[in-house]
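Okay, structure first, notes after.
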Amino acid sequence: MTKHKPLRAWVEEWRALCEPKAVHWCDGSQAEYDRLSNEMVASGAATRLDGARWPNCLLFRSDPSDVARVEERTFICSTIREDAGPTNNWMEPAEMKALMRKSYQGCMQGRTLYVIPYSMGPIGSPIANIGVEITDSPYVVVNMHIMTRVGTKVLEVLGEHGEFVRAMHSVGAPLAPGQKDVAWPCNPDIQKKFITHFPDTREIWSYGSGYGGNALLGKKCHALRIASVQARDEGWLAEHMLIIKLTNPAGKSIYVAAAFPSQCGKTNFAMMEPTLPGWKVQTIGDDICWMKRAADGRWHAINPEAGFFGVAPGTSLKSNPNAMRTIQRNTIFTNCVLTPDNGVWWEDLGAPPAQGVDWQGKEWSPASGKKGAHPNARFTAPARQCPVIAPEWEDPAGVPISAILFGGRRASVVPLVTEARDWQHGVFMGSIMGSEMTAAAFGTIGVLRRDPMAMLPFCGYHMGDYFAHWLKVGRESRAEDLPRIYYVNWFRKSAEGQWLWPGFGDNARVLKWIFERVERGGSAVETPIGRLPAAGALDFSGLDMSAEEQAELFSVDPAAWRAELPGIREHYAKLGERLPAALREELSALERKLQG
Ligand code: OXD
Ligand code: MN
């Protein structure tokens, strides 16, 4: 236990309200992980996979009502309504607390209340931040063991007076005396689920869901929504970005961060195997990046997480061999197919088993034509198991970032890569980022969803203020200390509807040009939208691509760009008065250049 009196009082307050049958303070040990895993296997909540091929791996199946983050039930309850901005749900904090307290009353009856002290980032790093999650889900505990640094060491750093983010979670499924538990307890009523943030007091209250970002509160809730507010207040950046180390054939390395919207291949990019001989990509993180200005003036980043919570369907030896190697052991699978030999399978992994058990626990065969794994099925795996993890991935000082990439899925208009003229222009690029939707579940296929800096569902305050914060970061740094900013689009199609760019390991060709630009080599040409690689500057060697196709990848059609402007204006109008004037000026400048 801890000598931290406010922490003990906080736990006691929740214990009294939630009425669990027991309280367990997590120590983060392997013994604790093993004991909880065994208990969940014994109760039927988890299946242990074949120990020879999948050592120490578990499979869980969620309730069909509880399969993904619920953005419509996610709230930013800032004290002042306007501070949440037009892109977030809001309720007055006291009102929300009163409402949620009613749900929390007795909600842990028959269950254990676990206290999880965790560190986002290497324990004790000046960039790291501590949180404590209360939960009644042992599934959450074992996932937090992998995704964060948990336990006694964190309490030692916290000491008697340390600050921490208060993260409260319940699946919202109390057990009456003698009532048998279900495999995946949750509150199936969507109206009862709440994923609530109180940014001014650094609190998270989550109720009703046991899945992913709704329940593993260190990830999206703490490391993005709360941390983005901390970062605004303290002058740093908390971003939805992967981080890689890029090394050229001469052995020189730079570090690059990249923001792509959810489900745009961040994990694949973070573990890429470059097709260019001699080039190397190593992983620092695949989802979240915290960046602070270091004593040398440069922006140093850490990955606040310790694991990968990746989407399983689509992951294969072809799309991401390094992820496949990472998840062979000590991994938690959720909503995948169980194969007859006690392994896991999902769509696009390779040849399907003749039969299996689908994510809903039903007998399944590929002949049924139905998907066996849920499209948002996940793996939770320790980052240290990744064969291409960079040796410095846990360096408490972080790594200096030389370039930031923004990007989305655009079948037309947007070229393969564009370099921002300066920081302000780069912030403009990030602010208008958009992606065409791929899954009908998220909206109409092909419709452009603006997702500025991939932070739309994750920014804990007003988007206009968020852009202002980015601009302030730029004003307060020397230009040479700031990362350069790029906009990439791997998804452009030809007039005939064919992908123009092979993607995956060939994306290293774009990284090579960026490396050369950062090193003051690599030539570029000015266009109305920014700088593009000059003729011959991008390495196409060994690619079977005609000169016309290459030109098409880089074409900037002023008419097509002019047609983008009303959509951008509409997007800006939605953000209202708090949109920084500098971004409106960037938009006007773009308009002028497109006419010129
Ligand atoms: C994620 C997401 O799971 O962005 O990382 O949704
Ligand atoms: Mn993400």
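The numbers here are math on the coordinates, done by the rules we state, and not lab data. A quick note: this is a predicted structure, and the numbers were derived from the prediction, not measured. All Cβ positions, glycine included, derive from the backbone under ideal geometry; neighbour counts span all protein chains shown.
Quick rundown of the values:
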quantity	calculated
Cα→Cβ-extended label distance, 7 Å offset, between residue 72 and residue 496, nm	4.2
Protection-proxy order for peptides 274-283, 450-459, each taking the mean of Cβ atoms within 10 Å per residue, highest first	450-459, 274-283
Candidate aspartates and glutamates for bridging to residue 266, where Cα separation is under 18 Å - those fewer than 8 sequence places away on the same chain excluded	239, 286, 287, 305, 348, 436, 451, 506
Residues of type aspartates and glutamates that residue 593 reaches as a straight line, Cα spacing below 18 Å, ignoring anything fewer than 8 places off in the same chain	419, 422, 526, 557, 564, 585
Rg [Å, one decimal], Dmax [Å, integer] - the range 268-353, C-alpha atoms	16.5, 56
Pairs of Cα atoms farther than 17 Å apart, the range 340-411, %	64
Surface/4 of the Cα convex hull for the range 71-183, nm²	9.5
Kirkwood hydrodynamic radius of the range 549-596, Cα pairs, Å	12.0
Compactness of the range 497-596, expressed as Rg and Dmax over alpha-carbon positions, Å	16.7, 50
Taking the range 307-385 and dividing mean pair separation by its residue count, relative contact order in percent (alpha carbons under 8 Å, at least six apart)	45
Cβ-Cβ FRET estimate between residue 234 and residue 479, R0 fixed at 25 Å, reported to 0.05	0.65
Highest to lowest packing among 59-71, 203-215, 424-436, 349-361, scored as the average C-beta count within 10 Å	203-215, 424-436, 59-71, 349-361
Dipole in debye (nearest 20) - the chain, about Cα centre, beta carbon charges: Lys, Arg +1; Asp, Glu -1	380
Debye log10 I(q)/I(0) for the range 168-217, one point scatterer per Cα, at q = 0.23 Å⁻¹	-0.83
Viscosity 0.692 mPa s, temperature 37 °C, Stokes-Einstein D of the range 218-284 from Kirkwood C-alpha radius, µm²/s	243
In nm, spacing of pseudo-spin labels at residue 562 and residue 316 (7 Å Cα→C-beta vector)	4.4
Alpha-carbon radius of gyration plus Dmax, which is the widest Cα pair, for the range 307-385 in Å	12.0, 38
Pairwise FRET efficiency - residue 24 versus residue 342, Cβ, R0 = 30 Å, nearest 0.05	0.55
For the range 1-142: span of alpha carbons on each principal axis (Å, largest first)	55, 41, 37
P(r) histogram, all alpha-carbon pairs of the chain included - 10 Å bins from 0, percent	3, 17, 28, 27, 17, 7, 1, 0
Kirkwood-Stokes translational diffusion coefficient of the range 344-469, alpha-carbon pairs, 37 °C, 0.692 mPa s, µm²/s	173
Segment residue 80-residue 472, length gained on full extension (0.36 nm per residue, minus Cα span)	138.9 nm
Descending principal axes extents, the range 420-486, alpha-carbon based, whole Å	44, 25, 13
For the range 1-56 and the range 75-104, distance of Cα centres in Å	29
Calculated log₁₀ intensity ratio I(q)/I(0) where the Debye formula runs over C-alpha points of the range 479-542, q = 0.12, 0.20 Å⁻¹	-0.35, -0.94
Rounded to the nearest 20 debye, dipole of the range 307-385 from Cβ charges on Lys, Arg, Asp, Glu	260
